[in-house]
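Each value in this text was obtained by applying a stated rule to the coordinates, not by laboratory testing. A quick note: this is a predicted structure, and the numbers were derived from the prediction, not measured. Because the Cβ atoms are built from the backbone with ideal geometry, glycine has one as well, and the counts that use them run over all protein chains shown.
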Amino acid sequence: MTTGVTERLTSLVGALRAHGVRIGTGETVDAAQAVQALGLADRELLREGLAATLLHTADQRPVFDPVFDLYFPRGVGAPESGPADREDLRDRLADALAADDQALMARLAAEAVDGFGGWGSPLVERSRELGGGSSPASDGWSSHQTLDRIRPQTLLARVRDSVRAQGAGAGFTDRLLEDEIRRRIEVFRRMVAAEARRRVAERRGRDETARRAVAPTADRVDFLFAGRAQLAELRRTVQPLARKLATRLAARRRRASRGSIDLRRTLRGSLSTGGVPMKPVLRRRRPVRPELVLLCDVSGSVAGFSDFTMLLVQALHDQFSKVRVFAFVNRVDEVTGLLVHGAADPGALGARISAEATLTSWHGSSDYGVALGEFAERYGDAVGPRTTVFVLGDARTNNSDPNLPAVRHIAERARRVYWLNPEQRSRWGTGDSAAEAYAELVEMHECRNARQLGVLVGRLLPV
């Protein structure tokens, strides 16, 4: 490989690592050999070769593909065509979608971004006022703006009729044909996004663009900012993550069951070997599965974090003698039974809890003080010397009394109490946050995404 290609490959690996893809030296060497064997002539073949050598799971492709497009772009600079005419471009796009001509779609995506995706220059604003496209002096490019001007989704009916007229849709029902056209439109949308990133990378640098403009995998998205699609993707990872954590817990339990050294019995046994403790004697621990209690804030944006954690713990229920789950907003209610039934349909868990549990009183805002006090009073028997309690929430009390005595009472009864907070540590104690006050009573951890949650659950769950 040439020096330039080597630098591109190592930069690609570095960008993927920054997004949480684990790539070792062996995979990097394999990727270099793949580049040498496949060459650069067939870009899509090279893409698949590098994906096969660098990635471990299919869910890493949404990160790999846009990063690959940055370091091994389809082209350089602006397209050779002149200024784009919106209606002409839409007509040609409709023809390309009808024929499923992806090479033409890629060229049209480049024209669309160049003509309608530029922003940041006064000339662009003047061009928009006159109904034209972007200016050559644009400071950046936006896929969102491009698609908003081109509106490819509105071509569906025209493309469907064109496909029917050509006889290419034989054997497709209208619904299946429309689904196929929507798939082609989505491919074009991804091409536009890739082209906009490429143009931005040429100006700002590939490394910075890879870091800022490529969406992270779902397990690295902040719970508080995750969208509906990202939360749905996270829920699909519950079972694999639970299996991994169960294996870790079982290994920790086996190690813990060996017990610690019994010094007196070890020294007594060493008398037969001249005082040398050749065979340590261990205090055997009687394995007892611990109890677990979850106390979850399910209000607002915190609800996605709580739902995912509840589903994860439910998937781990075999590791504990008893698991009880409670949800609250400003009232607290046990939802253990709802969680068992909701495991079959994770997406509907939050709606079912809201519909069937009593979580609010006369207002809908979260009130930690009232909820924690009610838990300590009504469900105090759920906490005992074998119980580990996890509190899930951002500790924002809406300026109400945080009820620290209730937290102190729970901590005194439980074996351990951990608080998982989805907010950045730098925001604890700001505004109406009582996180710092609670953290003085119980052990509080920042838990902003599923990756952090997996690490914390594997480390903090009792054995």
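Calculate for the chain the 222 nm mean residue ellipticity that helices alone would give, adding -39,500 (n - 2.57) per DSSP H run of length 4 or more and normalising by residue count, nearest 500 deg cm²/dmol. Write out the running numbers ahead of the final one.
Numbers: 21 runs with 249 residues, N = 463.
One gets -16500 deg cm²/dmol as the mean residue ellipticity at 222 nm.
Looking at the chain, I'd like the Rg to Rh ratio, where Rg is from alpha-carbon atoms and Rh is Kirkwood's inverse mean 1/r.
On the way: Rg = 28.7 Å, Rh = 26.5 Å.
When Rh is taken as the Kirkwood radius, the ratio is 1.08.
Can you give the extra length, in nm with one decimal, that the chain gains between Thr6 and Gln424 once fully stretched, where that is 0.36 nm per residue apart less the Cα-Cα distance? Mind showing how you got there, number by number?
Working: separation 418, 0.36 × 418 = 150.48 nm, distance 3.76 nm.
Length gained, Thr6 through Gln424: 146.7 nm.
So for the stretch 283-418, averaging the separation of alpha carbon pairs under 8 Å that are six or more residues apart and normalising by length, what relative contact order in percent results?
Working: 229 pairs, mean separation 38.1, N = 136.
RCO, the stretch 283-418: 28 percent.
Please compute the net charge surrounding Thr53, taking Lys and Arg as +1 and Asp and Glu as -1 over other residues with Cβ under 12 Å from its Cβ.
On the way: positive: Arg47; negative: Glu27, Asp30, Glu48.
Summing Lys/Arg as +1 and Asp/Glu as -1 gives -2.
In nm, what is the difference between 0.36 nm times the number of residues separating Glu334 and Glu186 and their Cα-Cα distance?
On the way: separation 148, 0.36 × 148 = 53.28 nm, distance 4.28 nm.
Extending this stretch completely gives an extra 49.0 nm.
Out of all DSSP beta bridges in the stretch 362-452, what portion is antiparallel? Express it as a percent rounded to 5.
Close to 10 percent.
Bin width 5 Å, alpha-carbon pairs only: give the P(r) of the stretch 344-439 as whole percents, running from 0 to the bin holding the largest distance.
Over the stretch 344-439, the share of Cα pairs per 5 Å bin runs 2, 12, 20, 21, 20, 16, 8, 1 percent.
Evaluate the relative contact order of the stretch 19-105 (contact order divided by residue number), counting alpha-carbon pairs under 8 angstrom at least 6 apart; express in whole percent.
That works out to 21 percent.
Quick check for me: using +1 on Lys/Arg Cβ and -1 on Asp/Glu Cβ, what's the dipole size of the chain about its Cα centre, in debye to the nearest 20?
In total the dipole reaches around 2940 debye.
If a/c stays under 1.5 just call it rounded; otherwise compare a/b with b/c (prolate if a/b is bigger, oblate if not). Do that for the stretch 401-463, with a ≥ b ≥ c from the square roots of the Cα gyration tensor eigenvalues.
Since a/c reaches 1.5 but b/c is at least a/b, the shape of the stretch 401-463 is classed as oblate.
For the stretch 289-411, just say rounded, prolate or oblate: build the C-alpha gyration tensor, square-root its eigenvalues into a ≥ b ≥ c, call rounded for a/c under 1.5, and beyond that prolate if a/b exceeds b/c, oblate if not.
Cα axes put the stretch 289-411 in the oblate bin.
Which residue, chosen from Leu155, Trp419, Ala52, occupies the Cα position most advanced towards the positive end of the dipole of the chain, where the dipole is computed from +1 (Lys, Arg) and -1 (Asp, Glu) charges on Cβ about the Cα centre?
Of the listed residues, the answer is Trp419.
Rg and Dmax of the stretch 21-77, Cα atoms, in Å?
Just the Cα atoms of the stretch 21-77 yield Rg and Dmax of 11.2, 34 Å.
Taking each pair of distinct Cα atoms in the stretch 6-53 once, what is the resulting Kirkwood hydrodynamic radius in Å?
For the stretch 6-53, inverting the mean 1/r across all distinct Cα pairs yields 10.8 Å.
Return a whole-number percent for the relative contact order of the chain, with Cα pairs under 8 Å and 6 or more residues apart as the contact set.
Reported as a whole number, the value is 11 percent.
Starting from the Cα of Lys244, move 7 Å in the Cα-to-Cβ direction to define the label point; list residues of the stretch 429-452 whose amide nitrogen is under 18 Å from there.
447-452
Please report the antiparallel percentage of DSSP beta bridges with both residues in the chain, rounded to the nearest 5.
In the chain, DSSP labels about 25 percent of beta bridges as antiparallel.
Compute the long axis of helix 86-99 from its Cα atoms, compare it with the longest principal axis of the Cα atoms of the chain, and write down the angle in degrees, 0 to 90, nearest 10.
The answer is roughly 70 degrees.
Would you mind putting 380-392, 100-112, 151-163, 264-276 in packing order, based on average other-beta-carbon counts within 10 Å, highest first?
Ranked from most to least packed, the peptides come out as 100-112, 380-392, 151-163, 264-276.
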